1. With the Cα gyration tensor of the stretch A:124-171 in hand, convert its eigenvalues to equivalent ellipsoid semi-axes via √(5λ) and list them largest first in whole Å.
2. Determine the equivalent ellipsoid of the stretch B:45-170 by diagonalising the alpha-carbon gyration tensor, then write out the semi-axes as square roots of 5 times the eigenvalues, largest first, rounded to whole Å.
3. With the full set of protein chains in place, find how many percent of the accessible area of the protein assembly as shown is carbon and sulfur; take the probe as 1.4 Å.
4. In Å², what does the accessible area per residue of the protein assembly as shown work out to with a 1.4 Å probe?
5. Which distances, shortest first and in nm, link B:Ala46 to the matching position in the other copies, using label points set 7 Å out along Cα to C-beta?
6. So what's the protein assembly as shown giving for Rg/Rh, alpha carbon basis, Kirkwood Rh from the mean inverse pair distance?
7. Work out the FRET efficiency for A:Gln35 and B:Glu96 from their Cβ-Cβ distance, taking R0 = 30 Å, and round it to the nearest 0.05.
8. Could you give the length gained by full extension between B:Glu133 and B:Thr110, i.e. 0.36 nm per residue of separation minus their alpha carbon distance, to one decimal place?
There are 2 protein chains.
Amino acid sequence: MKELLSHIRDVPDFPRPGIVFKDITPLLGNARALQRAVDAMTEPFANDGVTVVAGVEARGFLFAAPIALKLGCGVALLRKPGKLPFHTHRVEYELEYGKDAIEIHQDAVTRSDRVLLVDDVIATGGTIRAAAELVSGQGAKVIGLTFLIELGFLSGRSRLEGYRVHSVLAF
Amino acid sequence: MKELLSHIRDVPDFPRPGIVFKDITPLLGNARALQRAVDAMTEPFANDGVTVVAGVEARGFLFAAPIALKLGCGVALLRKPGKLPFHTHRVEYELEYGKDAIEIHQDAVTRSDRVLLVDDVIATGGTIRAAAELVSGQGAKVIGLTFLIELGFLSGRSRLEGYRVHSVLAF
């Protein structure tokens with residue numbers, strides 16, 4: 001995965017002073033790296049009978065769609081409140097300061113679905129835990145959660161106990 | 001394309017009263033329809049030497065990534081202001097009321113690139129015209145613009161004269 005690492009760019013002081021942002025756009029811009037990232041995010045779940053790939057807005061969509069096509073599944077969207085047009089379920093979650101929420105269409109997953117959740121980065125894990133709760137709350141089975149990047153120092157994995165968590169690159 | 005049409009859902013009064021929103025989530029949720037949509041959006045540009053696929057946030061990302069992988073290209077991101085972490089160029093454009101803007105990383109495309117622009121829907125064409133200006137402004141060649149859905153009654157195509165515009169489903 002060393003080759004993939006070379007396509008991740010550190011951007012200091014984004015989105016706030018003191019934070020070093022892991023910019024994945026150089027990886028996205030390189031066809032071979034993008035394909036390898038998609039393959040590596042998918043591989044551990046290739047034989048798990050996944051029926052839906054659920055992607056977290058917005059960068060998660062960039063991986064969710066190719067992973068879904070690779071697994072022969074459809075995509076479900078996990079979005080910020082007010083973005084999804086049909087009837088939704090919502091879960092709120094705590095941020096460092098204040099609250100946020102994430103929504104899914106009520107018909108996006110069903111009781112018979114086996115769902116792989118996808119995002120580009122796992123940081124504190126708050127968003128993806130809420131996403132997993134949304135999917136489970138509709139009766140579907142969460143097969144696993146897959147990320148390109150894991151920011152290990154933020155301990156997101158500790159908020160996802162009981163779930164199968166996979167990341168391709170860890171910092 | 002009749003089969004694809006059956007996966008588009010009309011949602012009345014979204015995002016505002018009086019507007020009938022074309023909801024593509026049923027299509028995204030169906031593996032076969034998603035693959036057919038990606039194929040149909042890509043096909044006219046398969047032999048045009050595209051080197052970068054530029055996707056418009058957020059739903060455009062869902063198509064841009066699979067189209068890029070199909071063409072053996074990388075993806076460039078076109079995003080709302082403040083979302084891209086690195087140095088950006090920005091173009092402002094007029095809305096019905098007020099203004100909006102779209103950004104691209106300064107290193108996302110170069111003078112030697114041949115760029116296919118991707119979004120899910122073309123409505124009035126304001127966003128995608130600004131996106132095409134951004135890409136051209138960096139010296140790259142805009143090979144074409146491809147959409148899943150064209151809302152013909154909003155005449156977006158008339159704002160894209162001189163560009164090759166392709167849509168899979170027209171309303």
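The values are calculated or read from the model by the stated rules, or taken from the named source; none is laboratory data. Worth saying up front: this structure is predicted, and the values here are computed from it rather than measured. Note that each Cβ is placed from the backbone with ideal geometry, even for glycine, and that neighbours are counted across all protein chains shown. In case anyone asks, the SASA skips ligands and DNA or RNA and just uses the protein heavy atoms, side chains included. Shrake-Rupley method; radii C 1.70, N 1.55, O 1.52, S 1.80 Å.
1. 20, 11, 8
2. That gives 20, 18, 13 Å for the three semi-axes.
3. Carbon and sulfur together cover 49 percent of it.
4. Per-residue value: 44 Å².
5. Computed spacing set for this position: 2.5 nm.
6. Here the Rg-to-Rh quotient is 0.94.
7. 0.15
8. 6.9 nm
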